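All of the numbers you see were taken from the coordinates with simple rules; none came from a lab. As the structure is a prediction and not an experimental result, all values here were calculated from the model. Don't worry about glycine lacking a Cβ; one is built from the backbone with ideal geometry, like all the others, and counts go over all protein chains shown.
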Amino acid sequence: EAGVTQFPSHSVIEKGQTVTLRCDPISGHDNLYWYRRVMGKEIKFLLHFVKESKQDESGMPNNRFLAERTGGTYSTLKVQPAELEDSGVYFCASSQNAEQFFGPGTRLTVL
Amino acid sequence: GIQVEQSPPDLILQEGANSTLRCNFSDSVNNLQWFHQNPWGQLINLFYIPSGTKQNGRLSATTVATERYSLLYISSSQTTDSGVYFCAVTSNDYKLSFGAGTTVTVRA
């Protein structure tokens, strides 16, 4: 069984540019989550999808971040425009029940 | 929100040694997971353990939910055990709250 996959593994962009991160959950998992770890901080929750619906987006830092989950399958997280403080590692996770399984993360560097 | 504290922050072990990592949390939980972050940054699931005791090879974990703590035991440590160990919990929802992690270094 394939695990959670994320693309790209690493992205380097300049301040003001747009970046889109992609997550493919484990097949059959209705729940999909985004988390991030910025430099020196703990891993923090961003949002939670149940199928294609946003269940909880209380962790989204501001309106420069937009998450979508087309048809309840893969999800994208777009940052527009990117700021320096957005640098960090963005993790995606999925679950069918309570136990969450994480992808390898996307390391985002904003210069 | 729920607070998660892990101790110690850093741990240096000689290969073959045993160790105990601790996770304290500030409220009742309905999910508790232990992860190992490998050198490539991947979060590997070790245990899903909201209560009770589980064992997997040289690793075991115990969660005492009524006293709000969990312990992760590493026995006969190997260099491949090096990395950061995270405890994460949820309380009444699906949002995992992570501790700051324990960085384990196992020396040959």
Residue B:92 passes all but one of (1) of a type in the set (S, T, N, Q); (2) surrounded by fewer than 17 Cβ atoms within 10 Å (Cβ to Cβ); (3) away from chain A (no Cβ under 14 Å); which number fails?
(3)
Of the residues in the stretch A:79-93, those that are in a loop (DSSP other than H, G, I, E, B) and surrounded by fewer than 17 Cβ atoms within 10 Å (Cβ to Cβ) come to A:80, A:81, A:83
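Return yes or no: is residue A:106 of a type in the set (Val, Ile, Thr) and surrounded by fewer than 22 Cβ atoms within 10 Å (Cβ to Cβ)? Walk me through how you get there before you give the answer.
Values: of a type in the set (Val, Ile, Thr): yes; surrounded by fewer than 22 Cβ atoms within 10 Å (Cβ to Cβ): no.
So residue A:106 fails the test.
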Residue satisfying condition, being surrounded by fewer than 13 Cβ atoms within 10 Å (Cβ to Cβ) and away from chain B (no Cβ under 14 Å), within set A:76, A:70:
A:70
Hey, any hits in the stretch B:13-30 for a residue that's under 13 Å from the mean Cα position of the chain (by Cα) and in a loop (DSSP other than H, G, I, E, B)?
no
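How about the stretch A:16-29: which of its residues are touching a strand residue (DSSP E or B) at 6+ places or on another chain (Cβ under 6 Å) and of a type outside the set (S, T, N, Q)? Write out each step before concluding.
Within the stretch A:16-29, the subset touching a strand residue (DSSP E or B) at 6+ places or on another chain (Cβ under 6 Å) is A:19-26, A:29.
Selection gives A:19, A:21, A:22, A:23, A:24, A:25, A:26, A:29.
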Of (1) surrounded by 21 or more Cβ atoms within 10 Å (Cβ to Cβ); (2) more than 10 Å from chain A (Cβ to nearest Cβ); (3) in contact with a Gly (Cβ under 7 Å, 6 or more places away or on another chain), residue B:70 satisfies every one except (3)
Count, please, the residues in the stretch B:44-78 that happen to be outside any strand (DSSP E or B) and more than 13 Å from the chain's Cα centre (by Cα).
11
Looking only at the stretch A:70-85, filter to residues that are farther than 13 Å from residue A:20 by Cβ and not small (Gly, Ala, Ser); which one of those is nearest to the chain's Cα centre (by Cα)?
A:73
